[in-house]
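To start, the structure under review is shown below, and the notes come after it.
Since every read-out is calculated from the coordinates, none of them should be taken as a lab result. Being a predicted model, the structure only gives us computed values, none of them experimental. As a convention, Cβ positions derive from the backbone with ideal geometry for all residues, glycine included, and neighbour counts pool all protein chains shown.
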Amino acid sequence: MSGKGDMIAAMRGNNAAEQPAKKKDPLEGLFSDTVQTENTSGYEMFPLSKLKYYQGEDPFNEYTEDELQELAESIAEVGILDALLVRESSDGDYEILAGKHRRKAAEIARLRSAPCRIMNVDDNTAQIIVMYTNYKRRKKVLISEKAKVFKKHLEILSKQGYRSDLHVKSHDAEDFCSEKTDVKNHDAADLCSEKTEVYSRDVVGKIYGVSGSTVTRHIKLLSLKASLLKKTDAEVIPFYVAYELTFLSAETQGRINSLIENDDMKVSKQAEDILNALRKEKTINVDELSDDELKDILMGKAPKVNPVVAQKIYKPYETAIKSFRKSVKARFKDIDEDTVSKISEEDMEEAMLAAVDEYIEKLRKEGDANG
């Protein structure tokens, strides 16, 4: 195609504008930050009637009507700028691996054909293309969608001989792969040194730009009750709190879900620290706590515990309170000590938690970026 006008003309039925596909590496550029930016070169125009939807597992939700309509309006104006990725099916039609919503929107926009790039790939690679292209193209990927993608990709890698251990010491991708590695496929010999022990979760993390431990945590979330996972997607439950909830019984998870719904509650991020401390100390069985105690935890208030656990939960808090008062006095010398002493613990706690949340979020984002 010589330009955008030719492409639009072709999609509207101008067969003279069609060109044969050029031979390329079927995964060329797939695992990069510029997915499908040049896929309109070396494509073929196919009638929409020949383009069938992928029959395998698709972990992503469908576009809403509004999202589909917005896409259709854009396509009606400028055409399909990124070619669909398809593979030939046994009946002579083509199965869409990437671009099902573009195909739906094209139909709404009354186009008769769409630019397609043929991928000669097996079932496993087809599944990976479906997941990866959706993951990279979507404006927002839900936590549950990420979890399903990571889990399915792990299953595929496990079939290819990678270790599938999830509960092992974390290995950052940078520890076993060079930053310059261009991940074009899933062959360990291409990704890493043969002397390096590679875990499939780390390979998946490398591909999707997260750490291996992040992959593990997301997959663990699939053991949550569906109602709690949905609330995690909606950001009613913070991600790391949801992870701690996976260690609780199904009955307790159900009780927690009811408490959140009955009180229209947004769970505190501090619940993660409390649940984590209780789980590791094993002196209190959270499953045996009352509804009121569970509610307190969800709101960031630790239950009454024995002195050993209390020391681990409250000592850092008491130290922080003292440090807060000293910091305020040191930074604002014009404030007298009496005024500082009158600052309530609630106000200090709110200020500290806001600062800590911001700092922890920064660390986690840096960790995922470096993972």
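Summary of values
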{"item": "Net +/- balance of residues flanking Gln55 in space, Cβ distance below 13 Å, scoring K and R +1, D and E -1", "result": "-3"}
{"item": "Residues Phe239, Phe60, sorted so that the one with the fewest Cβ neighbours within 10 Å comes first", "result": "Phe239, Phe60"}
{"item": "Projected label distance in nm at Ser158 and Leu68, using a 7 Å step from Cα toward the beta-carbon", "result": "3.4 nm"}
{"item": "Inter-site label distance for Tyr53 and Asn285 at 7 Å from Cα along Cβ, in nm", "result": "4.6 nm"}
{"item": "Among 204-216, 62-74, 240-252, the order from most to least packed when residues are scored by Cβ within 10 Å on average", "result": "204-216, 240-252, 62-74"}
{"item": "Neighbour-count ranking [beta-carbon atoms within 10 angstrom, fewest first] of Thr232, Thr283", "result": "Thr283, Thr232"}
{"item": "Ranked list, fewest to most other Cβ atoms within 10 Å of each Cβ, for Arg87, Arg201, Arg110", "result": "Arg110, Arg87, Arg201"}
